[in-house]
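Here is the structure we will look at.
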Amino acid sequence: MALTEAVEEKRKRVTSSSTATIRVWPLSPFVYLSRNSGKTIPLIGVIFMAVMLVSSIIALIDSIPFSVRSIYQYSKVMLGVSPRGDPSETPKILAEIRKTAPVPIERIMLCRVSSAQVDSIVGKFPFPMIGLSRPDMQYYLQKLHVNHIEGRLPTPGEPEALVSTPVAKNLDLHIYNPNEPHKLRDKSIVLSPDKQDSYSPRYVKVVGIADTPYWVMVNPIEYQRAYHFPPIDLGLVYAKNQKDQDTLGMWGVKHFEKRHAQLFAYYQIEKQTKTMFKTLYTILDVVTAALAVMITLMMAMLMNIYQSQRLIEFGLLQAVGYTRGQLLRRVFWESAIVVAAGWLLGVGGAQALLAIANAVLTAPRAFQIDSFDPVAFKYTAPLPIAILVVAGLTVWWRFHRFDPVSIVERRLV
Amino acid sequence: MYACRGVTLTVRRKEFLGILGPSGSGKSSLLYLLSGLKAPSEGDVTVEGQSLKAMNDDQRSRMRLKRFGFVFQQPYLLGYLNALENVRIAAPQGSSDSRAFELLDRLGLGEKWRRRPHELSGGERQRVCVARALLAQPQVIFADEPTASLDHKNGEAVVSMLNQHRADGSLVMVTHDVSMLAEADRIVHLVDGELQEAAV
């Protein structure tokens, strides 16, 4: 039937003034969700909070092994050799390594170690002050990608030390300045007779800060030999590249197992970290699963209530000719959009929260939190999946038994 | 217990068929059987030779959407859609927006197309339902007491609109109020689920 001119004019006016309104299919999930924000926002909000909570907790817990790995990352480029209390063993072990190692050895150097401590998000961790000769110290720093040093290298034999930027931040240390007030000068002492945990008979001053992400504390080997106990030289063994270094580490630890020697390689730290936190992660799995079940049940109940409020809509649409499958698909997509939005916002929120926490609380002390921790986000994955599955099944069950005539006959409303 | 028993009825092309009967006589049940919303325990309903009984649920739904229009007792509309969108849901995606607007305009709601159901009166809401039933130019429009929730004047107006704008479609209307069937081509009486008499 042809339109009258007046109707055509009105139609043009209507369509031109509301193009967007008219073009959107009224039964699109976006139309329902955007026009029922009173229901959509709380649903998204619950998922958002749950995902943010789970991923933040996991990222915080994960920061413990992450701290361990970061703090001791310096050992990745070397193999440490200790003679288990017998100083005469050190040269023999090193000679054996040089002779039988499966990869070419680039450098072997002697060092002395005294103990210090650094702070972590869960308390203090032991950290070695490594005493090295000047050439060895330069090599050691070069292997840790130090390109710039603020201040200078410690003078051989003097109670001086060089630390890296993370250590300086962590312990709030700065370079020693004899002209500053006594109270401030305390902030440049890394080992001292007053410190139970970072002891040295003399006050060891920070004279240089190395610009590297590795955690580093080095001082002259001559000072350590003169003032620190026990009088045992340890060895540091370097391969030519990282691949060889990893091979050397694995080989060395196994080769000297149950002998008068103890070898330290980075892979052991990774392995021990995993073992150490296994129980913690098992507990986390249980807690996350319980949380996921709780949130899923809550969301299923909420979605069920909301779907109950839409019985007239479903009855009407089914009566006029929409199939159960079409209605199910529509509800599924609505739920999927809500769940995806909640999850994405939750992940984004957690990243923002952790980034703020990192900037304000942890970064200034060089504590380690990974705001983009993939493990944390992996833990949140069961939430949207479980919610979607339960919501889908709930709606399917409803439609399975649903009779549209009961709606249009007003038996159910 | 039977809602309808032994009913044999043919709805002819383009006719306005009134089904008259007191409350509880089985009129609505008959309408739901004819439109495929309910399945008969015995017997069959055929639409141009196609048996509704032989179709599955989805096929019957698709037939309703493509070939039938519905107006129910209550003016059921989706509260989050405006009048124009409520009309548009009765046609498959891609149907003409201008036809939906044209229908609303012809039913006197051209200026109110943007209004949500709660901003419309009962009569206006039922007119939106009429426009929705007419949108897909159905072969048959089933109206189940469409005037039940309206006053007499509005009721007459709705029936008249349905009758005027149904084009080549048939109209099957169930009512207990004979005055609403003044324009009907044929009226059948239903008493206790049985067809009692037919009048032209």
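The values are calculated or read from the model by the stated rules, or taken from the named source; none is laboratory data. The structure displayed is predicted, hence computed values, not measured ones. Cβ sites come from the backbone with ideal geometry, for glycine too, and all protein chains shown count toward neighbours.
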Review point. B:Ser149 passes all but one of (1) in a loop (DSSP other than H, G, I, E, B); (2) of a type in the set (S, T, N, Q); (3) under 12 Å from the mean Cα position of the chain (by Cα); which number fails?
Key: (3)
Review point. Taking A:Leu162, is it closer than 18 Å to A:Ser114 by Cβ and in contact (Cβ under 8 Å) with a residue 24 or more places away in the chain?
Key: yes
Practice item. Take segment A:298-352 and flag every residue that is farther than 16 Å from A:Asn36 by Cα, of a type in the set (S, T, N, Q) and within 14 Å of chain B (Cβ to nearest Cβ). Key: A:Gln318, A:Thr323, A:Gln326
Practice item. Would you list the helices (runs of 4 or more DSSP H) that sit entirely within segment A:87-173 and hold 3 or more residues that are over 28 Å from A:Ala261 (Cβ atoms) and either modelled with pLDDT of 95 or more or of a type in the set (Val, Ile, Thr) (or both)? Key: A:165-170
Exercise for review: Select from segment B:112-133 the residues that are among the hydrophobic types (A, V, I, L, M, F, W, C) and within 12 Å of another protein chain (Cβ to nearest Cβ) and list them in ascending order.
Suggested key: B:Trp113, B:Cys129, B:Ala133
Check your understanding: Can you name the condition, by its number, that B:Ala83 falls short on among (1) closer than 28 Å to B:Thr46 by Cβ; (2) crowded, with 24+ Cβ neighbours inside 10 Å; (3) aliphatic (A, V, I, L, M)?
Key -> (1)
Practice item. Please verify whether segment B:173-182 includes one or more residues that are hydroxyl-bearing (Ser, Thr, Tyr), over 20 Å from B:Leu34 (Cα atoms) and not in a loop (DSSP other than H, G, I, E, B). Key: yes
Check your understanding: Within segment B:68-93, which residues are touching a residue at least 60 places away in the same chain (Cβ under 8 Å), touching a Phe, Trp or Tyr at 6+ places or on another chain (Cβ under 9 Å) and more than 9 Å from every other protein chain (Cβ to nearest Cβ)?
Key -> B:Val71
Practice item. For segment A:22-51, name all the residues that are more than 13 Å from A:Tyr306 (Cβ to Cβ), more than 10 Å from chain B (Cβ to nearest Cβ) and surrounded by 17 or more Cβ atoms within 10 Å (Cβ to Cβ). Key: A:Pro29, A:Ile47, A:Phe48, A:Ala50, A:Val51
Revision key, fill the gap. Within segment B:13-44, residues being closer than 23 Å to A:Gln326 by Cα, without any contact (Cβ under 8 Å) to a residue 60 or more places away in the chain and in a loop (DSSP other than H, G, I, E, B) number 4
**Study point:** Subset of segment A:389-413 (residues that are away from chain B (no Cβ under 14 Å), within 30 Å of B:Tyr76 (Cα to Cα) and surrounded by fewer than 19 Cβ atoms within 10 Å (Cβ to Cβ))
**Key:** A:Gly392, A:Leu393, A:Thr394, A:Trp396, A:Trp397, A:Arg398
Exercise for review: Mind listing whichever residues of segment A:74-86 are out of contact with any Leu (no Cβ under 9 Å at 6 or more places or on another chain) and either in a helix (DSSP H, G or I) or of a type in the set (D, E, K, R) (or both)?
Suggested key: A:Ser75, A:Lys76, A:Arg84, A:Asp86
Review point. Restricting attention to segment B:134-158, which residues are within 12 Å of chain A (Cβ to nearest Cβ) and of a type in the set (A, V, I, L, M)?
Key: B:Leu134, B:Leu135, B:Ala136, B:Ile141, B:Ala143, B:Ala148
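Table: residues versus (1) free of Cβ contacts under 8 Å to residues at least 12 places away in the same chain; (2) of a type in the set (Gly, Ala, Ser); (3) touching a His at 6+ places or on another chain (Cβ under 7 Å).
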residue: A:Trp25; (1), (2), (3): yes, no, no
residue: A:Phe30; (1), (2), (3): no, no, no
residue: A:Ser34; (1), (2), (3): yes, yes, no
residue: A:Lys39; (1), (2), (3): no, no, no
residue: A:Phe48; (1), (2), (3): no, no, no
residue: A:Ser56; (1), (2), (3): no, yes, no
residue: A:Ser82; (1), (2), (3): no, yes, no
residue: A:Ala95; (1), (2), (3): yes, yes, no
Practice item. From B:Leu65, B:Leu30, B:Leu107, grab the single residue that is facing chain A (nearest Cβ under 10 Å), within 18 Å of the chain's Cα centre (by Cα) and at pLDDT below 95. Key: B:Leu65
Check your understanding: For segment A:295-318, how many residues meet the condition of being assigned to a helix (DSSP H, G or I) and surrounded by fewer than 12 Cβ atoms within 10 Å (Cβ to Cβ)?
Key -> 2
